[in-house]
1. In the set ASP129, ASP76, ASP141, which member is of a type in the set (Asp, Glu) and part of a loop (DSSP other than H, G, I, E, B)?
2. Which one is farthest from the ligand (Cβ to nearest atom) among residues in the stretch 4-15 that are small (Gly, Ala, Ser) and either at pLDDT below 95 or touching a strand residue (DSSP E or B) at 6+ places or on another chain (Cβ under 9 Å) (or both)?
3. Return the pairs, sorted by first residue and then second, in which the second residue is part of a loop (DSSP other than H, G, I, E, B) and near the ligand (Cβ under 8 Å from one of its atoms), the first residue lies in the stretch 25-44 and is among the β-branched types (Val, Ile, Thr) and modelled with pLDDT of 95 or more, the beta carbons are less than 6 Å apart, and the residues are 6+ apart or on different chains.
4. I'd like the full set of residues that are in contact with a strand residue (DSSP E or B) (Cβ under 8 Å, 6 or more places away or on another chain) and assigned to a loop (DSSP other than H, G, I, E, B), limited to the stretch 401-422.
5. Restricting to the stretch 383-425, give me the number of residues that are within 16 Å of the ligand (Cβ to nearest atom), aliphatic (A, V, I, L, M) and either surrounded by 24 or more Cβ atoms within 10 Å (Cβ to Cβ) or closer than 21 Å to GLU140 by Cβ (or both).
6. Return the residues of the stretch 151-166 that are open to solvent by 20 Å² or more (accessible area, probe 1.4 Å) and part of a helix (DSSP H, G or I); say none if nothing qualifies.
7. Regarding the stretch 132-142, can at least one residue be identified that is over 17 Å from the mean Cα position of the chain (by Cα), closer than 22 Å to ILE411 by Cα, outside the structural domain of SER376 (by TED's automatic domain parsing) and surrounded by fewer than 22 Cβ atoms within 10 Å (Cβ to Cβ)?
8. Scanning the stretch 288-311 for residues that are more than 20 Å from the chain's Cα centre (by Cα) and not in a strand (DSSP E or B), which turns out nearest to PRO157 (Cα to Cα)?
Amino acid sequence: MVDSAEIAVVGAGFAGLRVARDLSAAGRSVVLLEAADRVGGRAYSRESTTDPGTIVEVGGAYFHRHHHTRLAAEVDRYRIETQPAAPFKVFRNRLAPGEHNSAFPIPAEEFVEAERILFCLVRDARRIDPQAGLENQGLEDLDISARDYLQSLDPPPVTGQLLRSWIWNMMGQRVEEASALWVLQFIASHNYSVLGVILSLDEVMSSGTGALTSAMANEVSDLRLSEAVQSIRQDADRVHVTYGAGRVLRADHIVVATPLNCMRELQLEPPFKGPRADVVAEGHGGRGLKLLIHAQGVPEGISCTGDGIFPTLYDYLPASDGGRILVAFTDRNSFDPTDSDAIEAAVHHYLPDAVVVGTDYHDWCEDPHVRAPWVSPRIGQATRAHKSLGEQHGRMHFAGSDVSLQFPGYIEGALETADRVLAEVSD
Ligand SMILES: Cc1cc2nc3c(=O)[nH]c(=O)nc-3n(C[C@H](O)[C@H](O)[C@H](O)COP(=O)(O)OP(=O)(O)OC[C@H]3O[C@@H](n4cnc5c(N)ncnc54)[C@H](O)[C@@H]3O)c2cc1C
């Protein structure tokens, strides 16, 4: 086994796979080191634990071709079969006061005010240049809690609850903990469209993301699984990478494509300095929890949004027993996914007749190779370090959705940073 390469890549999620595959194709000598025993990282399709034989996504799944063009190109390259996300036909929205059981749940008496709120969101998102980094644009006044920001807009009740529920879902943090600036960044990324964010949950890969990540991995010349990197030291000529049981790999460059919340466990020499060092040490605050709830007695195409401990609960797949597998979003601080009584109560909040058969999930916060689900900064972090998180550090380069400028928190963001890093190491 060689102990040197032109380029070492750390982490075989979408970012690391794309970098290592394209460098392999260009004839560069590359070694991809992955701590887990599988590729894909936070894109993880596997057999359901509640419905054996059914493949489910416990991590990233949804995309929209219009916005997520790099991912669409990968899907097309390997002829990966896709299908529309389950279309919603039945609505149970608990958006106090009352229920609003329609696809567009805003009542007529709120139309004018709802339009004003959407205008304010788009107006404030327009202050963001998604390519510039949030720390460089004088946006500190927006880096406040999403709760305080929404209160300042004074939305009418149903519109306000709808926004709080979706923000909780998309940010993986309650509105009091999530940064309004990060919400606005999502809107800016999706062509300055609020609906663009919600409608980006459009399409899924029929056999799971694993089919795509395996196809990408097959084109990587040297992939080493179950090999965690511990330290990276660089001198004037090379980087020295210590991994596995103390082995050392020498390379001209290294691409670190690990989740942000794992970076503080890597011993880097020289270390980061300034706000970047602080934010890496703190870790981001995303705690999003995606639960796959196998239930009977629920209508096909159900969609629930509202004031429950699950801000959203919606249809995902048919189960083999005639029931449905639903997706619920909440966050790991607010909810214990092992508490089956709490799951039943949370489902009954929207669907009193449902019978819960079982629940499946992956605890990303406890996964030692990931440490958190999708990226969602703590209030005040993004205006201290955003673009700088992905900046080249000598011979070290940084990729991954968590350091993306345009699509952080999405698979597309991982591929976006791979483009940047490929350009850096080609110079
Ligand atoms: C529950 C959930 C739902 C999501 N939903 C969506 C969605 O619907 N649509 C969407 O686009 N995105 C979604 N995302 C986000 C998306 O999955 C991620 O942003 C994306 O997959 C991250 O890719 P990545 O390559 O940046 O990092 P990762 O996929 O996390 O890959 C990083 C890799 O680094 C490895 N690693 C860590 N430390 C080391 C080390 N020391 N040495 C070697 N290897 C190491 C890890 O094992 C991992 O394989 C979701 C994420 C989660 C968790």
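The values are calculated or read from the model by the stated rules, or taken from the named source; none is laboratory data. Note that the structure is predicted; figures quoted are calculated from it, not measured. Glycine gets a Cβ as well: all are built from the backbone with ideal geometry, and neighbour counts include every protein chain shown. Ligands, DNA and RNA are stripped out before the accessible areas are found, and what is left, the full protein with its side chains, is counted by its heavy atoms. Shrake-Rupley method; radii C 1.70, N 1.55, O 1.52, S 1.80 Å.
1. After ruling out the rest, the residue left standing is ASP129.
2. SER4
3. Listed by first residue and then by second, the contacts come to VAL39/ALA12.
4. Within the stretch 401-422, just TYR410 meets the criteria.
5. Looking only at that region, the number is 9.
6. Matches in the stretch 151-166: GLN151, SER152, PRO157, GLN161, LEU162, LEU163, ARG164, TRP166.
7. Yes, there is a match, as at least one residue in the stretch 132-142 is over 17 Å from the mean Cα position of the chain (by Cα), closer than 22 Å to ILE411 by Cα, outside the structural domain of SER376 (by TED's automatic domain parsing) and surrounded by fewer than 22 Cβ atoms within 10 Å (Cβ to Cβ).
8. For the stretch 288-311, the residue satisfying everything is ASP307.
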